[in-house]
1. Taking chain B as a Gaussian network, Cα atoms linked when under 10 Å apart, which of B:171, B:34, B:60 shows the biggest mean-square fluctuation?
2. Does the stretch A:1-88 come out rounded, prolate or oblate by the C-alpha gyration tensor, with a ≥ b ≥ c the root eigenvalues, rounded set by a/c under 1.5 and, if not, prolate when a/b is larger than b/c and oblate if not?
3. Would you mind ranking B:218, B:265, A:44 so that the residue whose beta carbon has the fewest other beta carbons within 10 Å leads the list?
4. When DSSP beta bridges are limited to those with both residues in chain B, what percentage is antiparallel, rounded to the nearest 5?
5. I need to check one value: relative contact order of the stretch B:103-244, counting alpha carbon pairs closer than 8 Å and at least 6 residues apart, in percent.
6. Cα atoms only, the stretch A:163-207: Rg and Dmax in Å?
7. Percent antiparallel among DSSP beta bridges with both residues in the protein assembly as shown, to the nearest 5?
8. Please work out the Kirkwood hydrodynamic radius for the stretch A:111-157, using every pair of different C-alpha atoms, and report it in angstroms with one decimal place.
């Protein structure tokens with residue numbers, strides 16, 4: 001058994017100073033293995049994005065440990081983070097591809113940049129960019145275009161391709177399909193499913209249980225900064241344990257049947273509001 | 001929930017009841033260039049009926065709603081077909097008649113609740129204003145009634161909420177306040193255009209439950225617009241699926257879900273079946289929830 005690609009143990013994150021100090025994450029522990037997709041779900045303000053940002057070194061943690069690919073990054077300073085990111089071990093995809101892609105760079109430049117930084121030759125980098133563009137089912141015709149000239153769904157696939165070019169061990173995806181319409185959402189989810197075979201670990205963050213259920217091996221539920229439930233996707237959805245998870249599952253709109261009655265939902269809401 | 005209106009609780013109306021909103025082959029376009037954006041939408045809404053409109057951004061669902069509310073963008077107009085609100089053809093309405101109609105006959109809530117409230121005025125007085133203008137209530141009566149309305153949309157501590165500012169409240173709470181304001185003058189039709197899209201799933205379910213309550217207690221007719229077929233399926237008896245300005249499917253919800261005719265509808269359903277909870281709950285055979 002190999003060590004997990006991502007090990008988060010007992011992580012605390014605080015925002016603000018002194019009297020305005022608020023705890024955003026409390027004692028969060030989560031492991032993600034190679035080739036595994038972990039879905040992280042929770043409501044607005046539950047700390048999903050904070051966890052993602054902590055793992056990427058974008059917010060400092062105030063306690064606990066983060067180990068990425070065997071490297072303890074907990075006490076890293078900005079310079080060490082930059083070195084780690086440059087190696088391309090961790091990559092990320094955010095909700096809004098317009099903001100994660102440089103609007104003035106062509107798709108080709110966006111894709112080859114992380115490779116050029118690593119010292120790969122331009123010719124080799126372009127060849128790799130083409131390969132990965134193909135992996136996300138986009139044609140090489142897009143290479144000379146800028147993000148403004150392609151559709152939102154295509155942009156998000158470019159963002160996924162950009163995350164893939166350095167062949168990372170871990171990709172953190174923060175609401176990657178939330179801004180997409182259904183056809184594009186399905187396409188991006190398919191691509192993420194296909195990635196599983198390549199051994200990359202995925203942390204897939206979403207507020208939408210539906211898209212998480214579609215691709216995650218395991219689901220982790222964050223509620224008010226704490227991880228209240230982690231388990232195999234089917235188990236979490238069929239036998240949710242924590243009241244919040246139960247409410248979440250019973251609130252999710254489904255086509256043919258609501259999985260809980262109105263009365264059950266009200267009961268759970270009352271339970272949580274205490 | 002009896003607070004919202006003095007109207008008797010509507011029993012499911014017989015089909016002979018006059019429609020409160022009817023659209024007949026409504027086409028919307030730019031009359032100067034001749035470009036057409038919405039290519040013929042028809043729907044009929046009787047009291048207590050809930051019709052869903054599903055489609056992606058750019059499918060024309062919002063424009064259709066805006067046409068029914070008389071708030072189309074300046075360069076667009078209804079180029080053919082007709083819209084009637086409670087029997088009145090809207091093409092004959094002047095701005096004074098529109099003002100009388102909006103709020104008291106037809107009302108609407110939209111996606112981003114915060115942008116429809118004045119950030120520097122407490123939320124309660126913004127609801128009370130509707131009552132003072134539309135129903136002619138005195139200041140004190142309006143306050144009293146507004147608090148009742150806040151309670152009717154299941155806001156806890158309505159007196160406290162009354163005197164809070166928009167930034168102190170969550171998105172779900174703001175959307176409830178807008179629903180309270182939209183229903184303050186006892187409209188017959190409420191258009192909810194992506195009203196739950198920006199909310200958490202659990203909050204979305206609360207708002208959908210609330211809309212079902214309002215329908216049951218006041219006979220309010222609803223047009224629920226969403227990009228999510230499941231949201232519409234939960235609440236509506238009838239569904240229109242729109243794509244690129246055209247209605248590609250229109251029928252009772254069960255028919256659209258079980259026997260979709262258009263590829264696009266099938267795509268929407270497939271997405272839910274492959275990536276929704278169905279993967280897991282399909283075998284559970286839970287009884288269908290009734291809104292009553």
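Any read-out appearing in this document is the output of simple, stated calculations on the displayed coordinates, not a laboratory observation. Because the structure is predicted, anything quoted here is derived from the model rather than measured. Using ideal geometry, Cβ is built from the backbone for each residue, glycine included, and neighbour counts are taken over all protein chains shown.
1. Looking only at B:171, B:34, B:60, the largest GNM fluctuation is found for B:34.
2. Since a/c reaches 1.5 but b/c is at least a/b, the shape of the stretch A:1-88 is classed as oblate.
3. Values: B:218 26, B:265 21, A:44 14.
Ordered from fewest to most neighbouring Cβ atoms within 10 Å, B:218, B:265, A:44 come out as A:44, B:265, B:218.
4. 55 percent
5. 30 percent
6. 10.7, 29
7. Working: 42 of 79 bridges.
The answer is about 55 percent antiparallel.
8. 11.2 Å
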